[in-house]
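Novice: Would you mind keeping the following structure in view while I ask a few things?
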Amino acid sequence: MISFVKNGRLTYNNGQIYYETTGSGEPIVFIHGFTLDNRMWQPQVDFFGKKYQVVTYDARGFGRSSIPSGTYNHCDDLRALLEHLGIEQAHIVGLSMGGRIAINFALAHPETVRRLVVMDSALDSYKSTVGWNVYARNVGIERAKENWMNHEIFAETRKHSRVVAALRPIVKDYSGWHWLHEDTQRPTNSYARTRLSEITAPTLIIVGEKDLAYFRTIAATIKAGIKGSVKVMVANGGHMINMEKPEIVNKLLADFIASPAANSR
C-alpha cells in the first residue's frame, strides 16, 4: 500500500507552520528535537504511514516554518495545527525538545492527547547539567553547526554513519535563530516538572541507555511523576533513538498504541 504525502503551511500568529501528513487512520503527531525538523521522523513516517495518519511538522523557528517575529507558544501552534487538520484527538510523540513540547501540550490540552510518548525528553523547570553553548556569536552560524554536530549529546549517535548522514542536511538547514536571539516563546507550563501527576494520558517513556545522564535522569523523573507510565531503556541507544534504533522504537510505539491499556481512554 502506497502512502501519499501531503504538505502545507498553516498561517497562524504572525507566522507559518510547515507540516506534512501521510496515510490515514488514527492520527499520530511527531514533534522533532532542537535544531532539527520533521525529516528526523522519516523512519516512523515510513512505518506508521501505512496504517495511521502521520503528522509531522516543523516547530516555529525550525525547518521550513517561520522564525519567531513576536511572542508565541509551541503548544498554541500545535493546537492550531490540529484544528486546521480537523484532528480532535491524537497520539502525541516527541523527542528531546519535542518531548518537552509534548508534555506541555498534554498539560495544556489533556482532552486532545490519546497517548503520550516521549523519547530522550527534555523537561521544563529541570535544571540543565549540560553545556549547550556552541559559541555562534563568536564563531558564526556555520562553525556553530559543526560544534553542535560534535556536541556530547550526539556522542553515541556519531557511531551510526547513516544517522549522521541524515542529520547533517537537517542541521545545515537550521537557521541558527535561537543561538543569536533571546527566544520570545511564552511559557505555558513552566513548572511542568511539578505538574506531571496531572497527566492522565497513557504514557510511554523511551530513553537510550547511552544518552547523557541528564536525559536518563529526566526519564526517571517523568516515570515517577506520571502515574501508570511505562519507561523503556533501549540498550546501546543514544539521544537520537528513533533514528539509531528505528526497528526497536517502531515496535515499542506500535505495541503501545495498540495495547488495551493505551486504548482505555
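Novice: Show me 31-40, 144-153 ranked by packing, highest mean number of other Cβ atoms within 10 Å first. Before the final figure, lay out each step's value.
Specialist: On the way: 31-40: 23.2, 144-153: 17.2.
Put in order of decreasing packing, that is 31-40, 144-153.
Novice: Amide H neighbours of GLY237 under 5 Å, at least 5 residues apart or on other chains, H built in the peptide plane: list them.
Specialist: Distant-sequence amide H within range of GLY237: GLU209, LYS210.
Novice: Right, something else. Shape verdict for region 160-211, please, from the Cα gyration tensor: rounded (a/c under 1.5), prolate (a/b greater than b/c) or oblate. Before the final figure, lay out the partial values.
Specialist: Details: a/c = 3.23, a/b = 1.29, b/c = 2.50.
Oblate.
Novice: If the reach is capped at under 19 angstrom between alpha carbons, list the lysines near LYS172, excluding any in the same chain fewer than eight residues apart.
Specialist: LYS145
Novice: Want the number for ARG79 to LYS127: 0.36 nm per residue separation, take away the alpha-carbon distance, what's left? Display every interim value, and only then the final one.
Specialist: Values: separation 48, 0.36 × 48 = 17.28 nm, distance 2.71 nm.
Taking ARG79 through LYS127 to full extension adds about 14.6 nm, to one decimal.
Novice: Between SER197 and GLN16, what FRET efficiency comes out of the Förster formula 1/(1 + (r/R0)^6) with R0 = 25 Å and r the beta carbon distance, rounded to 0.05?
Specialist: On the way: r = 36 Å, r/R0 = 1.44.
With R0 = 25 Å, the Cβ-Cβ based efficiency is 0.10.
Novice: By the scheme Lys and Arg +1, Asp and Glu -1, what is the net charge of all other residues having a beta-carbon under 14 Å from that of HIS74?
Specialist: Working: positive: ARG60, ARG79, ARG100, ARG186; negative: ASP37, ASP58, ASP76, ASP77, ASP124, ASP183.
Residues near HIS74 contribute -2 overall.
Each reported figure results from applying straightforward, stated rules to the coordinates on display, with no laboratory input. Since the model is a prediction, treat every value here as computed from it, not as a measurement. Heads up, the Cβs are rebuilt from the backbone with ideal geometry, glycines too, and the neighbour counts pull from every protein chain shown.
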